[in-house]
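We did not get these values from a lab; they are worked out from the coordinates using the rules stated. All values reported here derive from a predicted model rather than from experimental measurement. Every residue, glycine as well, gets a Cβ built from its backbone with ideal geometry; the counts of neighbours run over all protein chains shown.
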């Protein structure tokens, strides 16, 4: 068993007059590189032949070393300089994760050109392309990249790209003149690249990452070099074991999100590791690709969201070879983006014990697109889900009393200076002391000992009151209900605003429901499965168990409704990381909420 070297759990607490407090790590933030490009140049010198990036190519892997990456980055940087790209004419990337995507991103940042990776769902799954059109109108890009032009042809037909040059990795669509990505890589780098690189400072805008609420159009979050580089320095100060051997990860998390694109990608670059780009996703028909990759590559770290673990775990549980390969080199399992149900935590631990005879280290973290992303992280042993760690070096965490909870606010070098071309949003996002108002709530795991860590306590905006005036805290209830209703429920939203009882709209898990109905043939529609007695009784039994543990009406589910329609990414009900947007679901499915509270509806499961 490899013992991981963690920093001590030690923080300072400053009480505030309103009953709140400010938490700070006792470690000062150390010096850090001024840019990601400096990290790349370091490893191109120190480990030039080590594989930095790898992606599937036929039956094998296309591998790119650190030296090859730097050469391509310099060539691409020159091509972007030649085109006069800048913060006024940034680069937009429409495609999924891939080597060319990474090279273009690093090439742009190397010469001070911001890059904006856009969720592929806005191009490939949307029907009206409204979010994509909004993003392009805001950015006014000078270059738009699509790895496969054919896949993105409908989106390209729908948008007004202005004067932006189209660049394709392959398959340029008919009727769209453009440049091939290989032509960018063939550009000969000159001293202009060195001059541009020397001009990149910690305050240079590196990325514009888009996030959106349930009803707003996407907001462009400015990500500077300082934000990303300081965040990686904070990570290694609390996880010093990262320097003991170059990390290896197999990762699907999308680079248009801060978890995959900043936390994970930049961690590999900071420590000279290897990133195997997983073309799979936690969805039927795609999870099999992830499984195939994990059968070939043993990661040292594994990152995922709860939905990802939920879909991957059954494969690990029934395939001993996969289980053993997965855990062979694994130092740590990391989850974030949403709370991990305890049943998934327990199952992961059980599989690690079966593979290695001891529990794998499991940790979490917390942050946002606006914080690059890590604010708190676990760097001490924990034995259950829900703990999000302690503030990282350099981060100040303010806990402000709000409706019976502590609202969390953040200040530090990892915090965004604001939203791109939206001064109104920027000014509203910070309090009078300069703390970013992240919108989440947290509580001390042990009020008598703050060093025991902070527990995530839901989104402030998601909580609501029953007719009795009692607050319902959605985050904790949701996680408990998902765990209690396993394997029938994949996710759910909590209902009951201005009503007498708490209810749940439940997204059914097709595989879990089918497993309870072995007499039905494969491919039975989900609508048929959720009507079966076995499935409904599993949910009813879960509601009973939760009721027995409840402390009152605000912690007791009185009714539930199973849904066969999955969450819609186009309607912003779910992100491409698998995080459910409570507010968006309730708005879009208002008719189902009404049905849920109709005692005469036969589909409603009641206690």
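Descriptive notes on the structure:
- Shape call, segment 276-385: gyration tensor on alpha carbons, a/c limit 1.5: oblate
- Size descriptor, Kirkwood hydrodynamic radius, that averages inverse alpha-carbon separations across segment 113-153, Å: 11.0
- Helix-only arithmetic for the chain: the sum of -39500 (n - 2.57) across DSSP H runs with n ≥ 4, divided by the residue total, places the mean residue ellipticity at 222 nm at -9500 deg cm²/dmol.
- Computed over segment 175-322, the convex hull of the alpha-carbon atoms projects to a mean area of 13.8 nm².
- Theoretical FRET efficiency, 1/(1+(r/R0)^6), r = Cβ-Cβ of residue 421 and residue 354, R0 60 Å, to 0.05: 0.70
- Cα gyration tensor, segment 44-200 - rounded (a/c under 1.5), prolate or oblate: oblate
- Here 35, 298 are placed in order of increasing Cβ neighbour count within 10 Å, fewest first, which gives 298, 35.
- In Å, descending, principal axis extents of the Cα set of segment 3-79: 60, 35, 25
- Between residue 565 and residue 603, the contour length at 0.36 nm per residue exceeds the Cα-Cα span by 12.2 nm.
- In percent, rounded to a whole number, the relative contact order of segment 44-200 is 24, using alpha-carbon pairs under 8 Å and six or more apart.
- Relative packing of 516-527, 90-101, which averages over residues the other C-beta atoms within 10 Å, highest first: 90-101, 516-527
- Among beta bridges identified by DSSP and lying wholly in segment 463-606, the antiparallel ones come to about 65 percent.
- The alpha-carbon positions of segment 327-415 define a convex hull whose volume is 112 Å³ per residue.
- Counting DSSP beta bridges with both ends in the chain, the antiparallel % (nearest 5): 60
- The tail of the calculated P(r) for segment 463-606 beyond 21 Å holds 40 percent of all Cα-Cα pairs.
- Exposure proxy shown here: for 177, 65, the number of other Cβ atoms within 10 Å sets the order, fewest to most, as 177, 65.
- Rounded if a/c under 1.5, otherwise prolate or oblate - segment 56-127, Cα gyration tensor axes: oblate
- Each residue in 597, 335 was given a count of other beta-carbon atoms within 10 angstrom of its own, and listing them fewest first yields 597, 335.
- Label sites at residue 140 and residue 471, each approximated as a point 7 angstrom past Cα along Cα to Cβ, lie 4.4 nm apart.
- A convex hull fitted around the alpha carbon atoms of the chain yields 158 Å³ per residue.
- Structural descriptor for the chain: relative contact order 12 percent, calculated from alpha carbon pairs under 8 angstrom and at least 6 residues apart.
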